[in-house]
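In what follows, a structure is listed as structure tokens, so that the remarks can point back to it.
The values are calculated or read from the model by the stated rules, or taken from the named source; none is laboratory data. No experiment lies behind these values; they were computed from the predicted model shown. No Cβ is skipped: glycine too gets one built from the backbone with ideal geometry, and neighbour counts run over all protein chains shown. Each accessible area value is taken on the protein alone, full model and side chains, heavy atoms only, with ligands, DNA and RNA left out. Shrake-Rupley method; radii C 1.70, N 1.55, O 1.52, S 1.80 Å.
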Amino acid sequence: MSASTVPPTLHWVGGLDGHLRLIDQTLLPLELREIDCRSVEDVWQAIRELKVRGAPAIGVAAAYGVCVGLQNVAAGSEAALFARLDEVTKHLATSRPTAVNLFWALDRMRRTAELHQGKGPRAILQSLLDEARAIEEEDRQMCRAIGRHGEKLLADGQGVLTHCNAGGLATADYGTALAVFFAAHEEGKRLHVFVDETRPLLQGARLTAWELAQRGIEATLICDSAAAQVMREGRVQAVVTGADRIAANGDTANKIGTYSVALAAQAHGIPFYVAAPTSTFDLSLDDGSAIPIEQRPGDEVASFAGRRTAPEGIAVYNPAFDVTPARLIRAIICERGVISPVTGEKIAAALQGG
Ligand code: MRU
């Protein structure tokens with residue numbers, strides 16, 4: 001299977017009474033199966049259980065979740081639609097806490113409905129579906145632009161390392177960190193990608209390795225704990241990861257283990273880049289200390305492939321994300337260009353610039 005024959009990560013099927021279809025990422029790479037989400041509960045669960053995951057893809061899914069959640073009030077009053085909108089957006093906002101794209105997309109949907117207030121429930125629902133489609137399309141464009149800006153930072157023949165999955169599966173299409181590799185590859189640069197397996201849910205091993213294979217990019221899977229050694233052996237000249245939320249000063253939340261990779265990169269003088277769309281910035285937070293970190297069930301750590309690997313009763317701490325301080329980040333690559341050095345001033349200027 002090649003990238004062109006894989007169905008989209010997520011898309012809307014049909015018209016106003018349609019539904020959201022997405023790849024169930026928990027089954028990859030062993031099985032490629034799409035599932036249909038026809039209720040807000042289906043979408044909530046798909047996000048919560050990581051069937052759809054990755055910050056931008058979560059935002060797109062939530063936007064479509066609002067559409068399925070309002071279908072059964074389209075024939076009623078506008079007041080009923082707004083009451084339901086409030087319920088649906090509040091519920092979807094509880095699905096996962098860290099990726100700010102979720103809240104960003106829900107805000108956009110709320111504002112769209114308000115803008116069309118007075119036009120009747122069907123027209124409002126149509127405007128919401130149009131907005132969700134716009135969020136999806138913009139995400140595709142942002143990813144392509146990130147790829148174009150980011151590939152210039154890489155040279156032919158380099159070894160690069162990434163953590164978790166910030167590819168097409170984590171976005172509407174093409175990815176953020178992986179977009180940088182894909183674009184470099186399309187420019188004829190030969191890269192060798194070291195893929196952190198990304199314990200405990202193995203997004204690197206299951207998803208990133210799968211995406212790179214489809215595009216014919218050379219890749220080597222490593223244990224997360226091997227990253228520093230691989231750097232010491234001189235095999236890596238740049239690190240690129242995605243992000244779930246970037247505070248005003250550039251502190252960046254991403255998958256647990258990213259911070260250790262950034263520290264190791266600094267120790268070896270290797271540039272550490274973050275690739276993320278502007279929808280991942282949260283300027284309401286001064287720094288990373290206020291970013292909510294998702295805590296996940298201990299079983300994810302105490303078991304492997306469905307089998308218990310640790311003694312019953314052992315305490316487990318399982319934060320799903322960590323925060324890399326801005327001082328460890330050489331540059332942030334967003335759709336508007338490359339932000340470097342990573343300072344509050346540079347970020348504010350880049351975000352105002354659009
Ligand atoms: O728990 P996940 O799989 O949703 O975590 C995903 C990540 O940490 C990604 O690196 C991040 O969302 C960026 S995706 C373009």
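This table checks each residue for (1) crowded, with 18+ Cβ neighbours inside 10 Å; (2) within 21 Å of the chain's Cα centre (by Cα); (3) small (Gly, Ala, Ser).
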| position | (1), (2), (3) |
| --- | --- |
| ASN72 | no, no, no |
| SER77 | no, no, yes |
| ALA80 | no, no, yes |
| ALA83 | no, no, yes |
| ASP86 | no, no, no |
| HIS91 | no, yes, no |
| ARG96 | yes, yes, no |
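Condition first: of a type in the set (Gly, Ala, Ser) and either touching a helix residue (DSSP H, G or I) at 6+ places or on another chain (Cβ under 7 Å) or assigned to a strand (DSSP E or B) (or both). Can you find one or more residues in the range 207-215 that meet it? Taking every residue of the range 207-215 in turn, none turns out to be of a type in the set (Gly, Ala, Ser) and either touching a helix residue (DSSP H, G or I) at 6+ places or on another chain (Cβ under 7 Å) or assigned to a strand (DSSP E or B) (or both). When the range 6-42 is filtered for residues that are among the β-branched types (Val, Ile, Thr) and either open to solvent by 60 Å² or more (accessible area, probe 1.4 Å) or within 21 Å of the chain's Cα centre (by Cα) (or both), the ones remaining, listed by number, are VAL6, THR9, ILE23, THR26, ILE35, VAL40.
Of the numbered criteria (1) within 13 Å of the ligand (Cβ to nearest atom); (2) closer than 18 Å to ILE333 by Cα, the one THR98 fails is (2).
For the range 224-235, the criterion of being within 16 Å of the ligand (Cβ to nearest atom) and open to solvent by 10 Å² or more (accessible area, probe 1.4 Å) is satisfied by at least one residue. Against the conditions (1) open to solvent by 20 Å² or more (accessible area, probe 1.4 Å); (2) within 15 Å of the ligand (Cβ to nearest atom), ASP139 satisfies every one except (1).
Within the range 298-316, at least one residue is within 16 Å of the ligand (Cβ to nearest atom) and open to solvent by 40 Å² or more (accessible area, probe 1.4 Å). Take ASP130 and tell me if it is part of a helix (DSSP H, G or I), within 14 Å of the ligand (Cβ to nearest atom), acidic (Asp, Glu) and not assigned by TED's automatic domain parsing to the domain that holds THR220. Taking the combined requirement at face value, the residue does not satisfy it.
The strands (runs of 3 or more DSSP E) located wholly in the range 7-116 that include 3 or more residues which are of a type in the set (A, V, I, L, M) occupy 19-23. Taken together, the residues in the range 174-202 that are within 15 Å of the ligand (Cβ to nearest atom), open to solvent by 10 Å² or more (accessible area, probe 1.4 Å) and on the phi > 0 side of the Ramachandran plot amount to 1. Figure legend. Inter-residue proximity from the range 48-59: first residues within 13 Å of GLY168 (Cβ to Cβ) and among the charged types (D, E, K, R), second residues near the ligand (Cβ under 10 Å from one of its atoms) and assigned to a helix (DSSP H, G or I), beta-carbon distance below 7 Å, spacing 6+ or different chains. Indicated pairs: ARG53/ALA170.
For the range 111-129, how many residues are surrounded by 13 or more Cβ atoms within 10 Å (Cβ to Cβ) and among the acidic types (Asp, Glu)? Number satisfying all stated conditions: 0.
Of the residues that sit in the range 251-270 and are of a type in the set (A, V, I, L, M, F, W, C) and either within 23 Å of ALA350 (Cβ to Cβ) or in the same structural domain as ALA105 (by TED's automatic domain parsing) (or both), which one is farthest from the ligand (Cβ to nearest atom)?
Among residues in the range 251-270 that are of a type in the set (A, V, I, L, M, F, W, C) and either within 23 Å of ALA350 (Cβ to Cβ) or in the same structural domain as ALA105 (by TED's automatic domain parsing) (or both), the one farthest from the ligand (Cβ to nearest atom) is ALA265.
Checking THR26, THR9 one by one, the residue that is free of Cβ contacts under 8 Å to residues at least 40 places away in the same chain and within 12 Å of the ligand (Cβ to nearest atom) is THR26 and no other. Considering the range 150-172, and only residues there that are within 11 Å of the ligand (Cβ to nearest atom) and not in a helix (DSSP H, G or I), the residue that is surrounded by the most Cβ atoms within 10 Å (Cβ to Cβ) turns out to be ALA166. The set of residues from the range 274-286 being open to solvent by less than 30 Å² (accessible area, probe 1.4 Å) and either within 19 Å of GLN229 (Cα to Cα) or small (Gly, Ala, Ser) (or both) comprises ALA275, ALA276, SER279. Would you point out the residue of the range 239-250, among those that are more than 8 Å from the ligand (Cβ to nearest atom) and buried (at least 24 other Cβ atoms within 10 Å of the Cβ), that is nearest to ALA227 (Cα to Cα)? Selected residue: VAL239.
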